[in-house]
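K.L.:
Encoded as structure tokens, here's the structure I'll be asking about.
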Amino acid sequence: VLTSTGAGSPPAFEAAAAGGGFEEGASVGFSADQTGIATATATKVEFDVEDYDLGADFDPSTNYRFVAATTGEYLVSCGLTWGAGVDQTLVQTMIYKNGSTAYSFKTNHSGTGQLHIRYHTVIGYRLY
């Protein structure tokens, strides 16, 4: 936890109190470029490397999915790069929650170079 010690003083870092801070979450990535993505076909991005996984909620080997164990809101942040593509190709990225699209972003890839996109969204989870 970063706290202020007053104007003109450097901030102080302290351990989070019990029950405070993050108890769930994961940071994941790729071990290699994902290839073989077919045109006009939904393809799951295979995040197969974990930087951290606080509650063992992410599966990096079978279904590449985060399953929240606690009701709440989760920040989903993603950065993807598409390699050289065909001019005016529609690129769509979707984030799913419980099997349904929770967030969708579409853009036309103008030109033939790489396309870099960053996404940030908050998704609420309710457990029943």
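K.L.:
For GLN34 and THR70, calculate 0.36 nm times their separation in residues minus their Cα-Cα distance, and state this gained length in nm to one decimal. Don't skip to the end; give the middle numbers.
P.N.:
Numbers: separation 36, 0.36 × 36 = 12.96 nm, distance 3.07 nm.
The GLN34-THR70 span can extend by a further 9.9 nm.
K.L.:
How long is the gain from ALA42 to THR93 if the chain were fully straight, where each residue apart is worth 0.36 nm and the alpha carbon distance is subtracted? Could the numbers behind the result be given before it?
P.N.:
Working: separation 51, 0.36 × 51 = 18.36 nm, distance 0.89 nm.
The span from ALA42 to THR93 would gain 17.5 nm if fully extended.
K.L.:
Also: Protein chains only, probe 1.4 Å: how do LEU75, LEU80, LEU54 rank by accessible area, largest first?
P.N.:
Details: LEU75 125, LEU80 20, LEU54 95 Å².
Result of the area sort, largest leading: LEU75, LEU54, LEU80.
K.L.:
With label points built 7 Å along Cα→Cβ from the Cα atoms of SER77 and TYR119, find their separation and express it in nm.
P.N.:
Computed distance between label sites SER77 and TYR119 equals 1.6 nm.
K.L.:
Scan around TYR74 for amide H atoms under 5 Å from its own, H built in the peptide plane at 1.01 Å from N, and keep only partners 5 or more places away or cross-chain.
P.N.:
Under 5 Å from the amide H of TYR74 lie the amide H atoms of ILE123, GLY124, TYR125, each far enough along the sequence or on another chain.
The values are calculated or read from the model by the stated rules, or taken from the named source; none is laboratory data. Remember, it's a predicted structure, so these values are computed and weren't measured experimentally. Neighbour counts are summed over all protein chains in view; Cβ atoms, including those assigned to glycine, are modelled from backbone coordinates with ideal geometry. Note: areas computed on protein heavy atoms with side chains; ligands, DNA, RNA excluded. Shrake-Rupley method; radii C 1.70, N 1.55, O 1.52, S 1.80 Å.
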